[in-house]
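Structure first, then comments.
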Amino acid sequence: MAFDCIDKIISRSFRQYGRFLARHPLPFLLLSILVAGGLGSGLYFLDTESSVEDLYTPDDGRGKTERAYVQQHFPTNDSTSFQATRLINLGRAANVIITSKASDDNVLSSTTLAAIDSLNTAIKGIQAEVSGKNYSHADLCSKWGTQCQVGGEDFLDFALRKNDSTAISYPRTVLPGGSAVFSAGTLGKPTLKTGTDVVEKAKSFRLDYYLRMDSPSDDKLSEKWELAFLSYMAAFKSNFITVCYGTFGALESELAALTTSVIPLFSITFAVLITFSILSCMMLDMVRTKPWLGMLGVLSSGMAIVASIGLCLFCGVKFNSVVASMPFLALGIGVDDLFVMLAAWRKTHPGGSVEERMGETYAEAAVSITITTVTDGLAFGIGAITPIPAVRIFCIFTLTAVIFDYLFQITFFGACMVYIGHREKGNRHATTCMRVPTPEEAKDRSGCFRAMCTGNAMAGVDGNGEYHGSDHAIMVFFRKYFGPVITKWWVKAIVLLIYGAYLGCAIWGCTQVRQGIRLSRLAPDDSFVVDFFDKQDQYYFGEYGPRVAVIITEPLAFWEESTRDQVEKLLAKFEDTDFTFGRTESESWLRDYLAFVNQYSGVIPGLSAATKSSFLSNLSDPFLKNAAFERYALDIEFNGDKSAILSTRFFVQTKNIINSDREQDMMLKMREIADSMSIKTMVYHPNFIFYDQYIIILPNTLQNLGIATATMFVVALVLVPHPVCSVWVTLSIASICTGVVGYMTFWDVNLDAISMINIIMCIGFSVDFSAHITYAFVSCTEKNRNARAVFALYSLGMPILQGALSTILGVSALSTSVSYIFRTFFKTMFLVILLGALHGLVILPVVLTLLGPPCCQKRDKGKKSDRVGPQVNPGHPVDMPSHPYNPKPPQEHINRQPQGYAMPSRYTPQYMEANNPLNDAKMTTYLQHLNGRNHAPSHGPYNDSPSYKPYNDSPSYRPYNRDSSPGQISMPKACKEVSVIFRK
C-alpha cells in the first residue's frame, strides 16, 4: 500500500527548487534581505496596546452589552452627580491603602489617624502641570453637587473628631448629622467587640480619590494628575504609616513596560541559541564544519521575527506585552528548521555537485519543515479566531512569524548553504576560506596544524566512491541501551503504571483548574501595583464584595400593589443567595420611597403613592429632592414628561467574593436569576466585563482544542504516509494536552489567556513528537514489535531530543522574568515539550509494542531473494547507486536517489548526523526498495541529463547485485539486526 503520494509530489517539487536555488543563490539572498528590511521598517509604526479591557476581555462579552445599556439609560455626570457605587466603568482614581507601623497595627489610633489626615491633605495638594497651568485634585475631582468625592474622607473626619462616647460601627457608621457611611469600604480587617457591631481596631484604612473622565480633555488632565500622584507616592515616607498605592491607569502603564523589560531576556536567548547552533554545526574537520551556518540560521529566524512584526504593524495590528514572548518561540522553531536542513545536507554524497546536493537536501528537509509549518500554522490560525484579543493578536503575530521563518529558511538560509557548499566543495577552510590540505597530506605537520588547518571535503568516501558513515553516540545509546531496556516486559509494566498515574493525576488536575487571570498578575512582581492589589485582596475583597445593579429594563406600573409585590419577590431572589447579603445591605429606591410616604404622609400634604399621578409626582418631589434620597434620581429613567418609568435599577451587596471561582459563580448566579424572571431584568457591575473571561476561557479552549485536533487528524491522514499514524497522533495529542492542562494547575498556572496560547501551541508540537515515532514503527518490516520500537527510537530519538532541547533553550530565559505572563509562557511551554518528548520517547514506543499496527509496506510475492531488493551497506549509504565516483551501473540499478524517510516535521531523520548508516541504509532506502522502485527508469540527480558522464571509470566499481556481499544488508535485514540486538 502506498500512502505517500502527496509526500512524493512535495519532495519532487522541492528537489527541482533546490537545484534551481543552487544555480541562482544571489537573487534569493538579496531578495530575502530586502523583504526583511522593507517589512522591518514597519517597526517605525510600533503602537503598543496596553488596555486591560481591550486585551483580556472577550469581544462579545455579555458585560459589554450590559454596560452599553447602562450607559444609554443611566448616564453619569462626574462633574455634578458622581456616585462611587454607581460607576459604569472602573474609571480614573487614585487609591491608597494605609497600615500602621505601630506594634498593635491599629489604624484607628490617634497617632495613625493624624498621619492619615496629613497624607490626605498632601495628596489633595498634588498638582499636575499641563501646558503651563497647574491642576490640583480639587480642579479635577469627581463631584456630587459642588463637593469633591473622596472615598473614606467623611469617615476619616468622623474618626478624628469623635469622642469616647461615640462608637464606630461596622459595616455602617452613623455620622452626627444622621447620615450613614459604609465603613466596610474604608476599614480593612476590623476587630469587633464581642456580640456587637462596634469596631475596636482595624488593620488598614482606604482612601479613594475619584477623578473626572466624562470628556476627552478631562480624561487627559486626570491622567496627568494620576502620574503626578504616582510620582509623589513613590517618594513618600512616614514614621507612622505604610502606604501602598495604585491607579487603574498605572496597571496599564506597567503592562506596557513589560514589552521593554523582556528585551534583555531576548538578547540572552539570542546569544544562547547562536552559541548552541554554532556548536551543533561544528565538526573537527575544518572544511566540513559549518559554524557560520549555525549563526546564519539564527539570523534567518531573526529576520523572520522582524519581518512578521513589521508586516503586522503595517496592517494595523497593535503590539502588546503578550506578543513580546513570540520571538522566543519563533527562534526555537527556526533553529529546529536549521538542524533539519543541515542534517539533510550532510546525508548527501560529498562527491556530488552543489546543485545535486541541494536538490537532495530540499527533497528531504523541505518536505519536513513544510508539513511542520502547515501544522503549526493551522494551530495558530485556529487560535486567531478566539474572541479574546490578547490570544488572537498573539496568534496572528506568531502565525506570520512561522510563515516568514519557513520562507526565509528555504530562500535566505538555502542560499547561504549554497555558498558554504561551494566553499566545502573547494576544500576551503571554514574561517579563512583558503584551500587547505587534507589530514593525509599534512601528516608530517604539527598536531596543532593538522587539527586547525586541515580538512577533507571527501571524508568518508572510499576508493570505490562509496560514502561511509558512523553512528552518533546518542543514536548508539538508543539502539544498544535505551531501546532494548524499554522493551523488556517488566520495564513496560512500570512505564504503563507510571503512565496510568500520570494520566490520573492529569485528569484530576483538569478538574481543579482555575480559570481567568487576576488583574494583579498582569503587572511585574516587583511593581507597586501588585502590592496594592495584594493588599486590596487581603483586606477588602473578602466579606463585602461588589455592589451589583439589578436593572428592570421594561416599563412597570409601580403604583400598583401587584407590581410592587412582583418587584419585591424579584429583589428577594437576588438577596437570598449564597453570594449576597439580605435586604439590609441592598439599595432600593422603591422601598425607601414607600417608607418615606408611610412616615410623612400625615405631615406633607398630598403625599401618597396610591395612584399613578400621586406616585409619580411625589416621587419626583419631594422624595428625590430630599438630600438623603436624591442619589436615587440616578436609578430611575423617566420618559420625557415623567409620566412613566421606562427602566430602573436597584443594588444588592455581594459577600465573600474571595477568588476567581467565587467571582465567576456569583456573576453566573446573578445572570441566571435575571434570565429566569418574568420581568425583563439584567444585572451589571463594571467588574463583570473582566469576569466574562472566566466563563468564556474554558469553552473557547475546548473549542480550539477540538478544532485543532480534528484538523491535525485530517492533515496527518493526508500527509503522513500511513492512516494508522493519524489515530495515534490524535490519541497522543489528547494525552499531552490533558497533561499540560492538568499539571499546569499544580504549577500555579490558571487557565487564562496566556496559558490558552500555549495549549493551542501544544497541538502542533504534539504532532511533531508522536507522528514520526509512530510512522517509523509501522514502516519497519520486522514482525517483532519490540525490534520495530527499538528501530523507531534509534532513528528518531536523537532528533526529538535535539528539537526539544533547542525549543526549551529558546524559552528558558523567560523563567527568570518578573512577569506572570512570561513565566506562565515558560511553564506551559516547558510542560508541552517535556510531556511531548516523554510521549515520543517512552510512552508511545511501549504502547506500540503492545498495540502497534502492522507495518505499512507489503512484501513482494515470489522468491525470497527477489524480495530483498538492492543491497545496502549499513556503513556505506549507497542510496545513490549512480554516484559520480563510480561508472554508470547496469540499467536495472539506475534509479533516482531515494527520497528517504521524509518525516512531516522538524523531528526527522534529517536531524541525525550525516554519518549515520541506518539513516540511509535502513530507513531512507528501504521504503523505496520495498515499493518496487529498484527497477525504475533511468533517471536521477546524477544521470538525468543527456550529457551525463561519470566522474571516473574506476575499475574498482562493483555493480549492485541481489546477493548480499560482506558488510551489506537489505532493509528486512536492517530491522532484523535491531531485533538481534534486542534479543541479546
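Here are the numbers:
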quantity: Where residue 238 falls short, out of the listed (1) at pLDDT 90 or above; (2) surrounded by 15 or more Cβ atoms within 10 Å (Cβ to Cβ); calculated: (2)
quantity: Test: residue in segment 64-79 that is β-branched (Val, Ile, Thr), assigned by the TED database to the domain that holds residue 235 and touching an Asp or Glu at 6+ places or on another chain (Cβ under 8 Å); calculated: no
quantity: Subset of segment 628-648 [hydrophobic (A, V, I, L, M, F, W, C) and closer than 21 Å to residue 679 by Cβ]; calculated: 634, 636, 638, 644, 645, 646
quantity: Scope segment 182-198; condition crowded, with 20+ Cβ neighbours inside 10 Å and among the aliphatic types (A, V, I, L, M); matching residues; calculated: 187
quantity: Residues of segment 201-242 that turn out to be of a type in the set (D, E, K, R) and over 23 Å from residue 142 (Cβ atoms), as a count; calculated: 3
quantity: Which numbered condition residue 557 misses (of (1) out of contact with any helix residue (DSSP H, G or I) (no Cβ under 6 Å at 6 or more places or on another chain); (2) surrounded by fewer than 16 Cβ atoms within 10 Å (Cβ to Cβ)); calculated: (1)
quantity: Residues (open to solvent by 20 Å² or more (accessible area, probe 1.4 Å), in a helix (DSSP H, G or I) and either in contact (Cβ under 8 Å) with a residue 24 or more places away in the chain or closer than 20 Å to residue 86 by Cβ (or both)) located in segment 586-599; calculated: 591, 592, 594
quantity: Residues of segment 652-677 that turn out to be crowded, with 21+ Cβ neighbours inside 10 Å and over 29 Å from residue 748 (Cα atoms), as a count; calculated: 3
quantity: Segment 310-323: number of residues that are among the aliphatic types (A, V, I, L, M), assigned to a helix (DSSP H, G or I) and open to solvent by less than 10 Å² (accessible area, probe 1.4 Å); calculated: 1
quantity: Segment 813-826 - residue that is open to solvent by less than 40 Å² (accessible area, probe 1.4 Å), in a helix (DSSP H, G or I) and of a type outside the set (A, V, I, L, M) and, of those, nearest to residue 520 (Cα to Cα); calculated: 820
quantity: Flag for residue 224 being within 30 Å of residue 524 (Cα to Cα), charged (D, E, K, R) and in contact (Cβ under 8 Å) with a residue 60 or more places away in the chain; calculated: yes
quantity: Out of 31, 21, 43, sole residue that is in contact (Cβ under 8 Å) with a residue 12 or more places away in the chain, within 22 Å of residue 361 (Cα to Cα) and exposed (fewer than 15 other Cβ atoms within 10 Å of the Cβ); calculated: 31
quantity: Within segment 628-651, considering residues that are surrounded by fewer than 14 Cβ atoms within 10 Å (Cβ to Cβ) and within 53 Å of the chain's Cα centre (by Cα), the one nearest to residue 588 (Cα to Cα); calculated: 628
quantity: Only one of 773, 757, 763 that is in contact (Cβ under 8 Å) with a residue 40 or more places away in the chain, open to solvent by less than 10 Å² (accessible area, probe 1.4 Å) and in contact with a Leu (Cβ under 6 Å, 6 or more places away or on another chain); calculated: 773
quantity: Some residue of segment 148-155 being in contact with a helix residue (DSSP H, G or I) (Cβ under 9 Å, 6 or more places away or on another chain), open to solvent by less than 20 Å² (accessible area, probe 1.4 Å), closer than 19 Å to residue 86 by Cβ and of a type in the set (Val, Ile, Thr); calculated: yes
quantity: Of all residues in segment 389-446 being polar (S, T, N, Q) and open to solvent by 50 Å² or more (accessible area, probe 1.4 Å), the one that is nearest to residue 59 (Cα to Cα); calculated: 431
quantity: Residue among 607, 570 that is over 55 Å from the mean Cα position of the chain (by Cα) and buried (at least 16 other Cβ atoms within 10 Å of the Cβ); calculated: 607
quantity: Residue ID - farthest from the chain's Cα centre (by Cα), chosen from residues in segment 679-714 that are part of a helix (DSSP H, G or I) and closer than 16 Å to residue 546 by Cα; calculated: 688
quantity: Tally of residues being in a strand (DSSP E or B) and out of contact with any helix residue (DSSP H, G or I) (no Cβ under 6 Å at 6 or more places or on another chain) across segment 127-147; calculated: 9
quantity: Qualifying positions in segment 333-354 - modelled with pLDDT under 80 and farther than 18 Å from residue 371 by Cβ; calculated: 346, 347
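Matching residues to (1) aromatic (Phe, Trp, Tyr); (2) in a loop (DSSP other than H, G, I, E, B); (3) in contact (Cβ under 8 Å) with a residue 12 or more places away in the chain:
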{"site": "501", "(1), (2), (3)": "no, no, no"}
{"site": "505", "(1), (2), (3)": "no, no, yes"}
{"site": "531", "(1), (2), (3)": "no, no, yes"}
{"site": "551", "(1), (2), (3)": "no, no, yes"}
{"site": "604", "(1), (2), (3)": "no, yes, yes"}
{"site": "609", "(1), (2), (3)": "no, yes, yes"}
{"site": "613", "(1), (2), (3)": "no, no, no"}
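The values are calculated or read from the model by the stated rules, or taken from the named source; none is laboratory data. Since we're looking at a predicted model, the values are computed, not measured. Note: ideal-geometry Cβ built from the backbone for every residue, glycine included; neighbour counts use all protein chains shown. In case anyone asks, the SASA skips ligands and DNA or RNA and just uses the protein heavy atoms, side chains included. Shrake-Rupley method; radii C 1.70, N 1.55, O 1.52, S 1.80 Å.
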